[in-house]
């Protein structure tokens, strides 16, 4: 596979410091990006984080039958969509019941913004475990890590992780208003007679394109397409947005479209991020690259076990055909809240991408604890600022 080796390696004025995520933002220059990549994404000064925990929010939990401070512990890993002239962010929230990563109950909160940075939050979650058809999949772990996109006719589809503390599965829900959701269950339940139903699945990035000033879902060869996966990048197709069929090899095994690379920032995981975007250059997939522990083929320029954001290019006509990817991440943990909290190794975990008022807004989780935003203005693609 062809790898991009470009001016990225030469335009960093200050080299990364071993043992830290990167040098301080004010000391950096954003590296050059190839013409196919989206960016440059810059953190607005003095804005982040845009969503933080709130212990005052109470929710009458239908499972425990008790009031729960549903977003008191952490708020992170957001999806994003545009509706009625506003950006809506669906963010993962955790209560304080339970212990450790994955040991709390997650619910999806709702925040909206007229400017992309100032958030007005609803006091209760909009997608959560309940005594419904998905209870077996979602309780007690909850609804995690959403990605959301919209069809041309205004149907919103959220692909999220159903977590019962036994097995994570990609779940599907649909809505017309981003408030009231119809749960459809695991995306791969029916494919190949249920072959992948009881396999751990996560992180689904459905394919979108710009249609006028809207980012909407699109089809390739008559079917919707998604990239998905945590350890590798895989693919899947659907004709109804509910039932998805993974792409497999001739022997029936999952077809790997992109995998981790030794000695790079994505040496451990290549986890799919927000909805992929079909452009004139091809399909751009933004993803989360996790670095390996020290001494195990990791990239010493970035903190061991840290998550940084990468981009990859796939063929527009054949979405299984990998073309190139960045050798350096375009977003790395730098701020204190991106390197502390629940995941102190450092995390910028990208999941929400929207096109709004002629700018791109990228929403991401910070150390599994907060929500932040970075903005790309195509009319002012300046090669400087904080990464």
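No value in this document is a laboratory result; all are computed from the given coordinates. Bear in mind that the values here come from a model prediction, so they are computed numbers and not experimental data. For neighbour counting, all protein chains shown are included, and Cβ atoms are generated from backbone atoms with ideal geometry for every residue, glycine included.
By count of other Cβ within 10 Å, fewest leading, how are 96, 262 ordered?
Lowest to highest Cβ neighbour count: 262, 96.
For the stretch 7-376, calculate the relative contact order in percent as a whole number, restricting contacts to Cα pairs under 8 Å that are 6 or more residues apart.
18 percent.
Given just the C-alpha atoms of the chain, how large is their convex hull per residue in cubic angstrom?
Details: hull volume 50.7 nm³, N = 387.
Spelled out: Cα convex hull of the chain, divided by residues, is 131 Å³.
Can you put 118, 245, 75 in order of Cβ neighbours within 10 angstrom, beginning with the fewest?
118, 245, 75
To make sure I understand, if each residue's beta carbon is the centre and we count other beta carbons within 10 Å, what order do 139, 70 fall in, fewest to most?
139, 70
Given the DSSP H assignment, sum -39500 (n - 2.57) over each helix run of at least 4 residues in the chain and divide by its residue total; what's the result at 222 nm in deg cm²/dmol, nearest 500?
Result for the chain: 0 deg cm²/dmol, rounded to the nearest 500.
For an R0 of 30 angstrom, estimate the FRET efficiency from the Cβ-Cβ distance between residue 35 and residue 262 and round to the nearest 0.05.
Details: r = 27 Å, r/R0 = 0.91.
Efficiency at R0 = 30 Å is approximately 0.65.
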